[in-house]
1. With no solvent and one equal point scatterer per Cα, compute the Debye intensity ratio I(q)/I(0) for the protein assembly as shown at 0.06, 0.12 Å⁻¹ and report its log10, rounded to two decimals.
2. Using a Gaussian network model of chain B with C-alpha springs under 10 Å, which one of B:Asn55, B:Asn31, B:Asn355 is most mobile by mean-square fluctuation?
3. Give the lysines whose C-alpha is closer than 19 Å to that of B:Lys312, dropping any in the same chain fewer than 8 places away, or say none.
4. Rounded to the nearest whole Å³, what is the per residue volume of the convex hull around the Cα atoms of the range A:10-102?
5. Report the accessible area of B:Thr305, computed with a 1.4 Å probe over the heavy atoms of all protein chains in place, in Å² rounded to the nearest 10.
6. Using a Gaussian network model on chain B with a 10 Å cutoff between Cα atoms, which of B:Asp127, B:Asp21, B:Asp191 fluctuates the most?
7. Would you please give the residues with an amide H less than 5 Å from that of B:Gly414, counting only those at least 5 places away or on a separate chain, with H modeled from the backbone geometry?
8. Which value, in Å² and to the nearest 10, is the accessible area of A:His93 when all protein chains are kept and the probe is 1.4 Å?
Amino acid sequence: MTVRANARIVRDIAHARAGDKGNTSNVNVWAFDPKDYDLLKRTLTPERIKRAFPDLIKGPVERYELPHLGGLNFVLHDALEGGVNSSLNLDSHGKSWSFLILGLTLDDTGR
Amino acid sequence: MNSTSDFRIGTGAGFSSDRLDPAIDLVERGNLDAIVFECLGERTVAFAHRDRMANPKRGYNAHLERRMRAMLPVCRKAGTILITNMGAANPRAAAERTVAIARELGLAGLKVACIEGDDVSAVVTPDTPFMDEPGRLSDVGMPVVGMNAYLGADAIVPALEAGADVVIGGRLSDPSMFAAPLALHFGWSLDDAPRIGAGTLVGHLMECGMQVTGGYFADPGVKDVPDLARCGYPIAEVTADGSAVITKLDGAGGCVTPATVREQLLYEVHDPERYLTPDVTADFSRVTIEARGKDRVAVAHASGTRRPDRLKVTVGFDAGFVGEAGVSYAGPGAQTRGELAADIVRERMAKLIGNDAELRVDLVGVSSLFATAGLRSSGAQDVRLHVAVRSRDREHAEAMLWEVESLLCCGPAGGGGYRGAITASVVTKSLLIDRAKVKPTVEIMTA
């Protein structure tokens, strides 16, 4: 992965939270400023997210939109290394997955 | 009751090990009608079954004793009903223990409701398919340790109608513990899906406790939270139409803002138009979130349609043991020394366990949480080798701990800080059961 030192990342314009149900993770992402919602929506397509983490997200990625609140909800199927009781990851809930998405660049030619 | 007055409901725990002191503060100063202690997840219900198998008198929340000793007197003084799923795998033992504590504390006449019937191990057939993965129950070659159906408001309302001061169940669904007292207070029919959807939103926002008042939120410099060390639990001020203001006590730490509420709105939600609970197919897609002054956020316009015909069941299986062990390296070359240690462990464990156990080797500081995602940092001068193994055979876990500890003398230079532990492993899967097969019961015990 090569990210330019000054590249803007999703965390510069949005905040996020991750949750788990079984082996499915969901990450909701919210624009701090409603004006940035369109940029967020353009940048964070389900294809982009799947492409960024192919070894982690084994299943499909779905995106739900809540435009009136400036939010996107990503459902990442088969993306928790088996789920909280099966994963040997130190973070078996995938609580930190929100920061996987917040760390993506806003320029989607990068990661 | 069919009251038009607002209902004030708080949260006293959002997971099994949540803090106690802010819950005491909330009941003492919050003027609450009810407080909910949500203490059960996919992980904790499975472990509770292990506890019960080891000792038939246990299998309920490990902190129940201290929580009840602290909360029963303040709840009685404030006239606040306490609702909880701390019964976990053994609600009867939890209720009996609670009655005994109430007697010791001189709380004569305290009514404790025990809700049972979530244990469906006797009625689930082996050919039942899993909910969200291929295969069926009989395909799993591991012993079942427990099966619990998610119970809804219809299991809780009778306990409240019977005048319970404390309601204790096992796998009571998280939002149902809020929706039930709201439905009873406002006279909502449990078939009134739009209203129950609104009550479910309140429950959903509240069920993780401080996750709506600033917990699981702070990112210093980006999202600052005042006085997080003294974070307060939330209060919902609910009106008869199901809309609510989410707030907290003055003087408690944390914050309630549209951002904290937004993040919790979709926490563990997939399709916002279809959030399934035992009570309703809730629709959060048109929910509005508006600031109403400091630490006050109004939520409205949740709705819902008919409840699902089938209930979710969590099945726990005995998966043997998990061993975890680590050694640390620091200073110049720490990363390469840690990587060498990781290579040694992989090579030696492959000979010891082959494919008979799952092995994972991480280097904390370089690549651990995001290892599978393919992200690595470089330049760390303080790293920790972390090795995990899961096996039905405890000897595999013991062998791994020994290998990691042996690195102190036969591994790379400057390795220190070995720790290792072996714990029981319970894996869980979900399936669905026809609602008609689940028959919740309520028994009132009086102190």
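The values are calculated or read from the model by the stated rules, or taken from the named source; none is laboratory data. Bear in mind that the values here come from a model prediction, so they are computed numbers and not experimental data. Here the Cβ positions follow ideal geometry from the backbone for every residue, glycine too, while neighbour counts run over all protein chains shown. What goes into the accessible areas is simple: the full protein's heavy atoms, side chains included, and nothing from ligands, DNA or RNA. Shrake-Rupley method; radii C 1.70, N 1.55, O 1.52, S 1.80 Å.
1. The Cα Debye sum returns log10 ratios of -0.31, -1.24.
2. B:Asn355
3. A:Lys21, B:Lys429, B:Lys437, B:Lys439
4. Hull volume normalised by residue count: 79 Å³.
5. 80
6. Evaluated over chain B, the most mobile residue of the options is B:Asp127.
7. Placed amide hydrogens put nothing under 5 Å from B:Gly414.
8. Only protein atoms counted, so the area is about 50 Å².
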